[in-house]
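The values are calculated or read from the model by the stated rules, or taken from the named source; none is laboratory data. Keep in mind it's a predicted model, so treat the numbers as computed, not measured. Please note: Cβ atoms are built from the backbone with ideal geometry, for glycine as well, and neighbour counts cover all protein chains shown.
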Amino acid sequence: MGISKDNVHGLVLAVSSSIFIGSSFIVKKKGLTNARGTGTGAGAGGHAYLFEPWWWAGMITMIVGEVANFAAYAFAPAILVTPLGALSIIFSAVLAHFILKEKLHIFGVVGCVLCVVGSVGIVLHAPHERNIESVKEVWHLATQPASHGHTHMIVYVGICSLMGSLTVMSVKALGIALKLTFSGMNQFIYIQTWLFTVVVAVCCVMQINYLNKALDTFKTSVISPVYYVTFTTLTILASMIMFKDWDSQNASQIVTQLCGFVTIVSGTFLLHRTRDLESKPESKSESKSESETPGIAAPHPSPNSSNV
């Protein structure tokens, strides 16, 4: 089938976006950690992080990445762009190892490799971008009657991922609107364009809120892969329903993409297991030291003590 010129543009922009977004997780985490020392953390509903330069640096880095991601969706289908978010996992995991001292075990390394291999498989068999003539056509695709069935970390990440998938579909609509407007067909005369803009704004604010809570409570090396899997799954499902991305593909191409996605999920599972490798030795050593201390009852651990 080959990769079209538009898909290549989307690929380059998506890779650049992953680099910036992956780095932003680390910078924001550093700011959130510093904020806990000066006030109430984001996980407890505080906003001390707003006074941390590191958090703002992370936000700026994330915004740059999101702008590149925005542009990528204007050129390529979501089923190509979204899986490339696996690269942000690689960058965040490696940087967390060196900067935040969150040890990356061999399983984590294998998980990173699997994420990349799975993403490559999806990208090489991604469908071409659908030819859209007006933003009203996108609105019709988004609102047409569908014939398809519709620990705390999962709560935070799940809400963030749902908002993210809605953002992607709306951002893609805005990207198409801008692309058509620049080509001479003004799309901002339609109310649908502005409705998509409102959806993007609302969903982005909710994403930032719940992502801050998740990052402040759990390790970056855990949040990144779990967020990637849930966000990518919901986005691909939304793209399949809305843009009918797989209608133009044969069975072998669809199966290859599904195998690629399963490979990515396997990789993120291995990354998630690194948390257990790190926490179990610590809990064993603590239990041993407590049992050797006579007359002192072992304290009950906090539910989130191993996650902060």
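So the values come out like this:
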{"quantity": "Test: residue in the stretch 34-49 that is out of contact with any strand residue (DSSP E or B) (no Cβ under 8 Å at 6 or more places or on another chain), aromatic (Phe, Trp, Tyr) and modelled with pLDDT of 85 or more", "calculated": "no"}
{"quantity": "Residues that are surrounded by fewer than 18 Cβ atoms within 10 Å (Cβ to Cβ), assigned to a helix (DSSP H, G or I) and not hydrophobic (A, V, I, L, M, F, W, C), drawn from the stretch 37-56", "calculated": "Pro53"}
{"quantity": "Hey, Ala93 surrounded by 22 or more Cβ atoms within 10 Å (Cβ to Cβ) and farther than 22 Å from Cys204 by Cβ or not", "calculated": "yes"}
{"quantity": "Subset of the stretch 145-157 [in contact with a Leu (Cβ under 9 Å, 6 or more places away or on another chain) and modelled with pLDDT of 50 or more]", "calculated": "Tyr156, Val157"}
{"quantity": "Condition check for Thr82: touching a Ser or Thr at 6+ places or on another chain (Cβ under 8 Å) and surrounded by fewer than 21 Cβ atoms within 10 Å (Cβ to Cβ)", "calculated": "no"}
{"quantity": "Every residue from the stretch 156-200 that is within 25 Å of Lys219 (Cα to Cα) and of a type outside the set (A, V, I, L, M, F, W, C)", "calculated": "Tyr156, Gly158, Ser161, Gly164, Ser165, Thr167"}
{"quantity": "Residues located in the stretch 5-36, provided they are crowded, with 19+ Cβ neighbours inside 10 Å and of a type in the set (Val, Ile, Thr)", "calculated": "Ile21, Ile26, Val27"}
